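The values are calculated or read from the model by the stated rules, or taken from the named source; none is laboratory data. Since this is a predicted model, take the numbers as computed values, not measurements. Heads up, the Cβs are rebuilt from the backbone with ideal geometry, glycines too, and the neighbour counts pull from every protein chain shown. All accessible areas refer to the heavy atoms of the entire protein, side chains included, with ligands and DNA or RNA removed. Shrake-Rupley method; radii C 1.70, N 1.55, O 1.52, S 1.80 Å.
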Amino acid sequence: MTGSTGGPGLWNATVMTKVMLAVAIVLSAFPLYWMLVIASRTNDDAVEVPPPFLPGGNLGDNIQAVLANEDAHFMTGLINSFTVATVVTVSVVLISTLAGFSFSRLHFRGRRLLLLTILLTMMVPLQQMGVVPLYRLMVDLGWTGTLTAVILPYLLNGFGVFLMTQYTEQAVPNELVEAARVDGASTMRIWWSVVLPAVRPGMAVLGINTFMLLWNDYMWPMIVLTPDNPTVQIAIQALNERFSTNYVLIFAGTALSIIPLIIVFIAFGRQIVGGIMEGAVKA
């Protein structure tokens, strides 16, 4: 179907559509902008009535004060969170992509039962129900206080397996896999050369979700880590406890903590858009 723009399936946006999009953008971006305004001001400016609406010139000094604070260990928290989130994201995306290919395009005995078992694990809040036995396991292994205790429980994700199974079924035609097998390609070669390029947008979505989940995780790191070896969310909580009335330091720490999320979203977002556009061209 061709709209007034001449492109297939496209129409010119109405004024109401543009207004609603503009309102949605403003409402979504304003909290981030307000955080930047307060983080770049002094504490006296933060409690003014009416409050300031333009950024100040103290952002660098406030960030330095956050990083220099010995109670929060903020730089350690940033490094730890980036390490945990990166390792877990790579593991979840890799394992989920392999499992999704296996469940959707390989035939083996017990495939449906195994997939059903994985789906059932998604219905149980394992983090809440299993926190006590999992903590006792970490104590027995001597891993409390280390990043291993934070990384290990998250290396595999049932949702990731389910997502990549469904995505592979839709994005990779069975005829394409069979053609590659007729040409003599091994199973791993098919996964690497045929499946991975096709499921790249799904991998990007799973990667963003996993990275954000681990970056924002608070409960489990708080249980197994020590105050001098925190993740970034524990470091922000330490700032909040130590400087409960110093809003600029809390906002500066929060602004610093979201920079890696923005970078990851931009990097993975390009993969999502590129994969969608590539699929549209093929269609």
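Among the helices (runs of 4 or more DSSP H) contained in the range 1-118, which hold 1 or more residues that are among the small types (Gly, Ala, Ser) and open to solvent by 40 Å² or more (accessible area, probe 1.4 Å)?
Answer list for the range 1-118: 15-39, 59-68.
Return only the number of the condition from (1) buried (at least 16 other Cβ atoms within 10 Å of the Cβ); (2) not in a helix (DSSP H, G or I) that Val124 does not satisfy.
Evaluating Val124 over (1) buried (at least 16 other Cβ atoms within 10 Å of the Cβ); (2) not in a helix (DSSP H, G or I) leaves (1) as the failure.
Looking only at helices (runs of 4 or more DSSP H) that lie completely in the range 149-239, which have at least 3 residues being in contact with a Gly (Cβ under 8 Å, 6 or more places away or on another chain) and open to solvent by 10 Å² or more (accessible area, probe 1.4 Å)?
Because the criterion is at least 3 residues that are in contact with a Gly (Cβ under 8 Å, 6 or more places away or on another chain) and open to solvent by 10 Å² or more (accessible area, probe 1.4 Å), the helices (runs of 4 or more DSSP H) in the range 149-239 that meet it are 158-171, 200-215.
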